[in-house]
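Scroll down for the structure; my scribbles are underneath it.
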Amino acid sequence: MSITILFVLAPIGAIVAWWLSQQRLTAKPWLEVGAIDDFPGTGASSLPAATIGLGVFLAVVSSLFALFISAYFMRMQVADWAQMPAPEVLWFNTGVLILSSVALQYAQVAARRGRMEDVGYGLIASSP
Amino acid sequence: MVDTTIGAAGVIQPAEVKDVELYHPKSWVTKYVFCQDAKVIAIQYSITALSIGLVALVLSWLIRLQLAFPSSFSAISPGDYLQFITMHGMIMVIYLLTALFLGGFGNYLIPLMVGARDMVFPYVNMVSYWVYLLAVLVLVASFFMPGGPTGSGWTLYPPQAILSGTPGRDWGIILMLVSLILFIIGFTMGGLNYVVTVLQARTRGMTLMRMPLTVWGIFTATVLALLAFPALFVGCVMLLFDRILGTSFFMPAVVEMGEHLKYRGGSPLLFQHLFWFFGHPEVYIVALPAFGIVSDLISTHARKNIFGYRMMVWAIVVIGALSFVVWAHHMYVSGMNPYFGFFFAATTLIIAIPTAIKVYNWVLTLWRGDIHLTVPMLFALSFIVTFVNGGLTGLFLGNPVVDVPLSDTMFVVAHFHMVMGMAPIFVIFGAIYHWYPKVTGRMLNEMLGKFHFWVTFLGAYAIYFPMHYIGLLGVPRRYFEMGDMAFVPQSATTLNIFITMAALIVGFAQMVFLFNMIWSLSKGKPAGSNPWRATTLEWQTPETPPGHGNWGKELPVVYRWAYDYSVPGAKEDFVPQNQPAVRAA
């Protein structure tokens, strides 16, 4: 548990600490009264809100998966652990997932370049 | 997209947000039911949380009646009693406090206080509420299932949570876990909104260090919740697998009624780690918004700038970070390595430092302030006193040597009810009295408010001070009845009756509060836009209650921090955040 926390929370903590260090937390707001026409930047990022939202969501998902995996590993260390039988479709499924990711990526690149026909192909290929 | 200018210090927000970016409700249903306006969502969250909280309040009466008059109520069986304490705890901590502070106050105050028109993802925000409502309904459904709700205690510890001796083993525990999973999904959607809105949607001039402490508290608590709830999610999913699929993540080999169950090798301690890795930050998920709100209440009603604003912000962040490395202090009696206990005792006691800084700063804010003993101020002051009282017993329980004999006694119950039961509830009441005029346009009745305050405040002490003593005697928590025990003197029984009477009276005082909220909706004194003469942006809206989009045509521009009260030389004793400095002639 503590090892996982090191690996998961340390990067997240580092990102938070880095972000905080950029935020003028040592400012003395009580001395800084702005005049008309004086708009200090808010320190907001120039990235769209959706991108930031996705980043925050990915942090949540990573901590979720890291906790799942670490709990699973801790359980594996107990003596009676029995290996789960690998279902036959496992590698087939994995292959399909990888291929559809590639197709989705292709569709995205095509969309960015404005090739709508290729977007369609990519999306159809990724849908199964 | 709207044009934004990137200056040296980052993005300068545009003055006008184009109309198309805002969501406009078209019918009654999209305006009041499936609404994407954060203010409506906030009210929906608050009403739902307070309603389910009332259920938990009634459960607490039943618990207290049983404790004061054991064997007088034939309707309450030992199983019922366990179900009452479980549901009371879970509802109060998760479905009331967390939902009300973050879903209720977060939704209402964040956009208004940072000068945004709405949350950044309004649709996700709306879905967040409906998933929360679904979680509440699933929880309520467990009362009506065969076997009733789970009676495993709010910590849901396996193996007992899913063994057949525990009430609600059939359906109750399953619905409880499903409800928690739904709650976490709903919360994550809301939480993304709160965080990204604070990061990206602040109006021009609203730097982070000009934000009111309320926003800092809610923002940091949301970050904690986003990182801590996944641990509970994992625990719930695995426990659900153990219960339904027969896996053995947490279930060791168990003999039940002389019969070997199929479980073997699971680790109950693993669940405890996961639960408390969420459970301890949860305390601060509730406490940090309370810290923030109380700072603003004190500053406004003492007409004085908050003392040590920077220190307050740093303390919030430090407390948030430390709250992730103290979880095992809930597990001192689980047989851990003594060095582990030493480590967690040290981190636990270190948290007292930033917390004490906050308390000193509140007191120093009051010092030589122009204190107005309004109802919000009374509640804010009672929070400080109660939080200190509850916090001091926390220092006792944070030390393993003291904790071991006190573990699982009523002393623990008294401690956490003081520090994370009554104290945050006082802030919620104070905040409702403070912001109700903005939400409805009318003041709450002051006489009824003061009555509500004094009964609740004195009642809380009548309930929990004697409970510490009962705990010191060694009376354990979660026991249906004590019977004749040599170590329990007659005085404990008398005290139990006294506590129950106090609890019933405090409970009924809340009915006065509910009456006040409903009555004042139509009969309250009109509030005007800024009845408390406060500086923060939510009081400077063109309409009260704030209209759709909050700010009329132009977003406000912020020129100063949130605490310019009693500034020497100023015309009035407060200068709103959106008032520019007067240029020297």
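Tell me the label-point distance for the pair B:LEU349, A:ASN93, using the 7 Å Cα-to-Cβ offset, in nm and rounded to one decimal.
It works out to 5.1 nm between the two label points.
What list of ³J(HN,Hα) values in whole Hz, one per residue of the stretch B:412-422 in order, does the Karplus curve 6.51 cos²θ - 1.76 cosθ + 1.60 (θ = phi - 60°) give from phi, with Gly and Pro shown as x?
Along the stretch B:412-422, the couplings run 5, 4, 5, 4, 6, 5, 5, 7, 10, x, 5 Hz.
Over what distance in Å are the Cα centres of the stretch B:441-476 and the stretch B:317-351 separated?
So the two Cα centres are separated by 30 Å.
Express the Stokes-Einstein translational diffusion coefficient of the stretch B:351-416 in µm² s⁻¹, to the nearest whole number, given a Kirkwood radius over alpha-carbon pairs, 25 °C and a viscosity of 0.890 mPa s.
Taking Rh from Cα pairs, D becomes 180 µm²/s.
Under 15 Å from the Cβ of B:TYR32, count the other residues' Cβ atoms, weight Lys and Arg +1, Asp and Glu -1, and hand me the total.
That works out to +2.
If I histogram all Cα-Cα distances within the stretch B:193-316 using bins 10 Å wide from 0, what percent of pairs lands in each bin?
With 10 Å bins starting at 0, P(r) equals 12, 29, 22, 15, 12, 8, 2, 0.
Jot down the radius of gyration and Dmax of the stretch A:44-128, Cα atoms only, both in angstrom.
19.1, 57
List the residues whose amide H sits under 5 Å from the amide H of B:THR409, counting only those 5 or more places along or on another chain, with H placed 1.01 Å from N in the peptide plane.
Placed amide hydrogens put B:ARG477 under 5 Å from B:THR409.
Which of the peptides A:89-98, B:238-247, B:293-302, A:11-20 is most tightly packed, and how do the rest follow, judged by the mean count of other Cβ atoms within 10 Å per residue?
Packing proxy ranking, top to bottom: B:293-302, B:238-247, A:11-20, A:89-98.
Work out the mean other chain Cβ neighbour count within 10 Å for the residues of B:202-211 and drop it here as an integer.
Taking the mean over all residues of the peptide, I get 6.
Rounded to the nearest Å, what's the spacing between the alpha carbon centres of the stretch B:73-111 and the stretch B:189-225? Just the number, please.
For the stretch B:73-111 versus the stretch B:189-225, the Cα centre distance is 26 Å.
Please label the shape of the stretch B:513-585 as rounded, prolate or oblate, based on the square roots a ≥ b ≥ c of the eigenvalues of the alpha-carbon gyration tensor (a/c under 1.5 means rounded; beyond that, a/b larger than b/c means prolate, else oblate).
oblate
Can you give the relative contact order of chain B as a percent, counting alpha carbon pairs under 8 Å and 6+ residues apart?
Relative CO of chain B lands at 15 percent.
Find how many whole Å separate the alpha carbon centroid of the stretch B:232-271 from the alpha carbon centroid of the stretch B:514-585.
That distance is 55 Å.
Could you work out, residue by residue across A:19-31, how many beta carbons of other chains sit within 10 Å of that residue's beta carbon, and then give the average as an integer?
5
Dividing the alpha-carbon radius of gyration of the stretch B:57-135 by 2.2 N^0.38 Å (N being the number of residues), what value is obtained?
So the stretch B:57-135 has a normalised radius of gyration of 1.62.
Report, to the nearest 10°, how far helix B:78-90 tilts away from the longest principal axis of the Cα atoms in chain B, using its own Cα long axis and a range of 0 to 90°.
20
Counting partner chain Cβ atoms within 10 Å of every residue's Cβ in A:62-71, what's the average?
Whole-number average of other-chain Cβ neighbours for A:62-71 is 6.
Taking only the C-alpha atoms, wrap a convex hull around the stretch B:284-333 and report its volume per residue in Å³ as a whole number. Kindly include the intermediate steps, with their values, before the conclusion.
On the way: hull volume 4.1 nm³, N = 50.
Spread over its residues, the Cα hull of the stretch B:284-333 gives 83 Å³ apiece.
If each residue's Cβ is checked for other Cβ atoms within 10 Å, how do B:SER179, B:SER77 rank with the fewest at the top? Don't skip to the answer; put the middle values down first.
Values: B:SER179 24, B:SER77 13.
The order, fewest Cβ neighbours first, is B:SER77, B:SER179.
Could you give the nm distance between label points at B:PHE69 and B:LEU245, where each point is 7 Å from its Cα heading toward the beta carbon?
Between B:PHE69 and B:LEU245, the label points sit 4.9 nm apart.
Report, in degrees rounded to the nearest 10, the 0 to 90 angle that the Cα long axis of helix B:490-523 makes with the longest principal axis of chain B.
It works out to around 30 degrees.
Could you state the angle between the C-alpha long axis of helix B:338-366 and the longest principal axis of the C-alpha atoms of chain B, as a value from 0 to 90 degrees rounded to the nearest 10?
40
When a footprinting reagent is the concern and you count Cβ atoms within 10 Å, what order do B:THR348, B:THR220 take, fewest first?
B:THR348, B:THR220
Defining a contact as two alpha carbons under 8 Å apart and six or more residues distant in sequence, what relative contact order in percent does the stretch B:27-114 show?
47
Report the label-to-label distance for B:ALA141 and B:ARG303 in nanometres (one decimal), using points 7 Å from each Cα along the Cα→Cβ vector.
Computed distance between label sites B:ALA141 and B:ARG303 equals 5.6 nm.
Going by C-beta contacts inside 10 Å, put B:MET119, B:MET206, B:MET447, B:MET482 in order with the fewest on the left.
In increasing order of surrounding Cβ atoms, one gets B:MET447, B:MET482, B:MET119, B:MET206.
Taking the Cα atoms of chain B, report the difference between the largest and smallest coordinate on each principal axis, in whole Å and largest first.
Each principal axis gives a Cα extent; for chain B these are 88, 51, 49 Å.
If one puts a single equal scatterer on every Cα of the protein assembly as shown and applies the Debye formula without solvent, what log₁₀ I(q)/I(0) results at q = 0.05, 0.08 Å⁻¹?
-0.25, -0.66
If you take the C-alpha gyration tensor of the stretch B:410-517, multiply each eigenvalue by 5 and take the square root, what semi-axes do you get, largest first, in whole Å? Show your work: numbers first, answer last.
Numbers: eigenvalues 232, 35, 18 Å².
Semi-axes, largest first: 34, 13, 9 Å.
Bear in mind that the values in this text are calculations on the coordinates, not laboratory data. Quantities reported herein were computed from a predicted structural model and do not represent experimental measurements. FYI the Cβ positions are ideal-geometry reconstructions off the backbone, even for glycines, and counts take in every protein chain you see.
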